[in-house]
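Reviewing the structure listed below.
The values are calculated or read from the model by the stated rules, or taken from the named source; none is laboratory data. What you see is a predicted model, and the numbers here were worked out from it, not measured in a lab. Here the Cβ is made from the backbone with ideal geometry for all residues, glycine too, and neighbour counts use every protein chain on show. These area figures cover heavy atoms from the full protein model, side chains too; ligands, DNA and RNA do not enter into them. Shrake-Rupley method; radii C 1.70, N 1.55, O 1.52, S 1.80 Å.
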Amino acid sequence: RSSSCVMDPTQTTADGAGLTAVSAGMSNEFAIHPRDFNGQLIDPRDCPDPLNLLVVIKPAPFEHRMSRGEDGLYYCMWVAEYAGEVQIDVQLRGPTDVHIQGSPFQVKVHQMYTVEVEKPIRPQPSEFKGHYLHSSREARLHLPA
């Protein structure tokens, strides 16, 4: 492997809305810019092997994916399940894992919306006469055969 394929965590950065204030239940994304010891972006055409990156989101997100783009950036998509504080660690894995610039990132997750109910919701049965699809296990909700 040439030196231009070796990632320098001290020169590697991450940015994007997914590292700032985000909303619970919404897709959030950030990009990792892997750079070599000369500060140059590692080109996937010259370095086709994936880099040994580790991204840890605490507490664990509802969903999390990372992919490498043709431009050499690593794109991380994640969905927080709850509002609160989240820590995102971005590290180069090795004998001792090393954080990239700015890592760990502290991210504030906002609640997307609040529903307030003033009284119990008791919907009335509809007058629909067709077939119902349901997953209830309660016998009283099953239609007669």
Please specify each residue of the stretch 13-53 satisfying the condition of being among the hydrophobic types (A, V, I, L, M, F, W, C) and either surrounded by fewer than 15 Cβ atoms within 10 Å (Cβ to Cβ) or within 12 Å of the chain's Cα centre (by Cα) (or both). Ala17, Leu19, Ala21, Val22, Ala24, Met26, Phe30, Ala31, Phe37
Pairs, please: C-beta under 7 Å, at least 6 apart or cross-chain, first residue of a type in the set (A, V, I, L, M) and in the stretch 74-103, second open to solvent by 40 Å² or more (accessible area, probe 1.4 Å) and outside any strand (DSSP E or B)? Val79/Gly25; Val79/Met26; Val79/Phe62; Ala80/Phe62; Ala83/Gln111; Val86/Pro59; Ile88/Pro104; Leu92/Asn52
Counting only residues that are within 22 Å of Gln111 (Cα to Cα), charged (D, E, K, R) and surrounded by 15 or more Cβ atoms within 10 Å (Cβ to Cβ), how many does the stretch 62-88 have? 0
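Return yes or no: is Met77 over 17 Å from Ile100 (Cα atoms) and in contact with a helix residue (DSSP H, G or I) (Cβ under 9 Å, 6 or more places away or on another chain)?
On the way: over 17 Å from Ile100 (Cα atoms): yes; in contact with a helix residue (DSSP H, G or I) (Cβ under 9 Å, 6 or more places away or on another chain): yes.
Here the answer is yes, as Met77 does meet what is asked.
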Looking at (1) under 23 Å from Gly84 (Cα atoms); (2) surrounded by 15 or more Cβ atoms within 10 Å (Cβ to Cβ), which is the only condition Pro9 fails? (1)
